[in-house]
Amino acid sequence: MPRVDRLVLGIFGRINAGKSTLMNLLTQQETSIVDPDPGTTADIKSSLMEIHGLGPVRILDTAGLDEGCQLGEKKRRKTLSALEEVDLAILVIDPVQAFLSGNLDVETSVSAMARRSGRNLCAVFNMHADAREKLSGSGATLDEAVDFCRSALVDRSGTPQARLDLCRGENVTGLVELIRQAGPRQGRQPELLPFVAGGLPVLLNIPLDEESPGGRLLRPQEMAMEYLLGLGVPIGIYRTDLMLARSSSKRISSGERERFQSFLGSIGGSHGVQLVLTDSQAVDVMSRWVPEEIPLTTFSIMMINSTSGGNLPLFAEGAAALDHLGPGDRVLITEACNHDRVAEDIGTVQIPRKLSEAVPGIGIEHAFGREFPSPEELAEYSLVIHCGGCMISPQKLSARVARLAEAGVPVTNYGIVLSWLEGPDVLERVLRPWKEQS
Ligand SMILES: Nc1nc2c(ncn2[C@@H]2O[C@H](COP(=O)(O)OP(=O)(O)OP(=O)(O)O)[C@@H](O)[C@H]2O)c(=O)[nH]1
Ligand SMILES: [Mg+2]
């Protein structure tokens with residue numbers, strides 16, 4: 001399943017500002033419920049569409065940021081976390097509502113946070129047909145109300161902005177034009193395996209283990225196959241039985257090794273295979289079995305490079321922190337997807353077990369799924385170990401990397417740690433293909 005790289009647009013603002021009205025205007029259908037009752041949108045509503053000139057986008061309609069109760073605080077936290085992950089934040093301001101309230105807390109915090117986390121921002125002033133009438137008793141003109149609101153924008157005149165009556169269908173053109181003007185250009189995703197060229201085959205090692213879901217391949221495996229097919233590269237797919245490969249019985253393990261070598265030989269052998277790409281948890285076996293002449297790397301390293309937009313060096317540098325870990329240090333293992341944890345789960349069992357053996361006395365904690373700690377919480381850790389990130393968007397990973405940078409905590413990745421655990425030469429080997437191409 002190839003990844004569709006969508007820009008993410010998020011709609012933010014206070015309750016009843018017209019956020020869902022904007023969502024519906026853009027998608028040209030009743031995607032979100034619009035209602036005069038305050039707090040209509042309680043959770044994030046997501047919709048996919050194509051915007052000419054921007055490409056495929058995901059639009060997030062969010063809850064109003066000024067709901068005072070405890071539930072409001074939960075909604076607020078979720079909305080602000082979405083703000084860190086969008087490519088473009090659309091701040092919806094009802095100038096009458098904001099002016100009459102006398103404060104710009106919501107608008108100021110959205111604008112400041114977008115600036116702090118490096119997100120693009122634009123502002124839409126929702127100019128209801130009856131706005132002037134509603135302001136009449138206040139002594140201010142509508143222009144003055146808008147100017148008052150503009151003072152909340154960190155870059156008052158540089159922030160793209162438009163005055164639109166969102167209830168009027170024909171204003172969709174102005175809205176799309178604003179988004180096109182404010183939206184970031186789609187960055188080119190890095191090549192999945194930039195050092196692979198047409199010609200010699202690539203061997204994919206997809207081992208047999210308890211974690212593999214029956215009847216289907218995992219996303220990185222499918223992505224690698226699709227990528228290699230596109231290049232016209234012959235693919236050999238091999239399944240190592242890890243239990244046999246690691247058997248303490250020499251007869252059993254060498255039988256499994258011979259089976260691998262015979263397969264490798266059948267697709268070209270030492271000088272006829274350009275790469276072995278393995279599941280990270282088999283790197284102990286593959287680093288011994290794959291002849292030195294053949295480059296070796298892992299699916300997890302490939303994925304983190306792709307999802308992070310080519311930022312593998314950050315995760316590779318983070319591995320240096322492994323050499324300095326000692327008793328009492330805390331390490332956080334984070335996995336972006338939710339799945340049930342089976343007996344030999346990589347994140348909860350294999351890495352903690354091997355890491356505790358290598359560094360006795362370290363504390364290992366976990367964060368799974370969408371949850372990712374704040375910079376203050378992250379600062380407590382000596383190292384964060386992230387999965388390949390195949391189930392999260394590049395935007396989400398970039399928001400996580402920004403939090404880690406703010407906290408000053410090194411980050412590395414499953415494939416890198418599992419290779420480091422096998423020794424510095426194995427780590428150097430799996431990173432070598434990436435270094436040589438840069
Ligand atoms: N005519 C008019 N309608 C307004 C005015 N202010 C808000 N509304 C209406 O208030 C409702 C709120 O619009 P929504 O798009 O649901 O607002 P929202 O920002 O998504 O609100 P929440 O989801 O509750 O945070 C709609 O029915 C608007 O048309 C106004 O000044 N004039
Ligand atoms: Mg709404």
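What the table shows:
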| quantity | calculated |
| --- | --- |
| Criterion violated by PHE12 - all others in (1) within 12 Å of ligand 2 (Cβ to nearest atom); (2) surrounded by 15 or more Cβ atoms within 10 Å (Cβ to Cβ); (3) over 26 Å from the mean Cα position of the chain (by Cα) satisfied | (3) |
| Residue identified as surrounded by fewer than 20 Cβ atoms within 10 Å (Cβ to Cβ) and at pLDDT 95 or above among GLU406, GLU422 | GLU422 |
| Test: ALA402 is within 22 Å of SER280 (Cβ to Cβ) and either in a strand (DSSP E or B) or touching an Asp or Glu at 6+ places or on another chain (Cβ under 9 Å) (or both) | no |
| Qualifying residues in segment 99-116 (those that are among the hydrophobic types (A, V, I, L, M, F, W, C), part of a helix (DSSP H, G or I) and surrounded by fewer than 24 Cβ atoms within 10 Å (Cβ to Cβ)) - the one farthest from ligand 1 (Cβ to nearest atom) | ALA112 |
| Yes/no for GLY10 being in a strand (DSSP E or B), out of contact with any Pro (no Cβ under 9 Å at 6 or more places or on another chain) and not aromatic (Phe, Trp, Tyr) | yes |
| Candidate set from segment 147-169 (those that are farther than 14 Å from THR108 by Cα and within 16 Å of ligand 1 (Cβ to nearest atom)); member that is surrounded by the most Cβ atoms within 10 Å (Cβ to Cβ) | LEU166 |
| First in segment 118-132 and of a type in the set (D, E, K, R), second anywhere and within 16 Å of ligand 2 (Cβ to nearest atom), Cβ under 7 Å, 6 or more apart | ARG119/LEU83; ARG119/ALA89 |
| All positions within segment 61-90 that are in a loop (DSSP other than H, G, I, E, B) and among the aliphatic types (A, V, I, L, M) | ALA63, LEU65, VAL86 |
| Any hit, segment 353-360, residues being within 19 Å of SER306 (Cα to Cα), buried (at least 21 other Cβ atoms within 10 Å of the Cβ), not aromatic (Phe, Trp, Tyr) and not assigned by TED's automatic domain parsing to the domain that holds VAL57 | no |
| Selection count, segment 375-403, where residues are among the polar types (S, T, N, Q) and modelled with pLDDT of 95 or more | 1 |
| From the options LEU71, LEU91, LEU22, LEU80, residue that is away from ligand 2 (no atom under 11 Å from the Cβ) and within 20 Å of VAL172 (Cβ to Cβ) | LEU91 |
| Count - residues of segment 37-62 that are farther than 15 Å from THR79 by Cα and within 11 Å of ligand 2 (Cβ to nearest atom) | 2 |
| Qualifying residues in segment 26-60 (those that are surrounded by 20 or more Cβ atoms within 10 Å (Cβ to Cβ) and more than 7 Å from ligand 1 (Cβ to nearest atom)) - the one nearest to VAL96 (Cα to Cα) | LEU26 |
| Residue in segment 103-112 that is within 16 Å of ligand 2 (Cβ to nearest atom) and over 19 Å from ARG370 (Cβ atoms) present | yes |
| Conditions (1) within 16 Å of ligand 2 (Cβ to nearest atom); (2) modelled with pLDDT of 90 or more; (3) not polar (S, T, N, Q): number failed by ASP66 | (2) |
| Spans of helices (runs of 4 or more DSSP H) in segment 273-359 with at least 2 residues among the basic types (Lys, Arg) | 351-358 |
| Residues of segment 236-263 that turn out to be of a type in the set (Val, Ile, Thr), surrounded by fewer than 16 Cβ atoms within 10 Å (Cβ to Cβ) and not in a helix (DSSP H, G or I), as a count | 1 |
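The values are calculated or read from the model by the stated rules, or taken from the named source; none is laboratory data. Just so you know, these numbers come straight off a predicted model, no measurement behind them. Cβ coordinates were reconstructed from backbone atoms using ideal geometry, including for glycine residues, and neighbour counts include every protein chain displayed.
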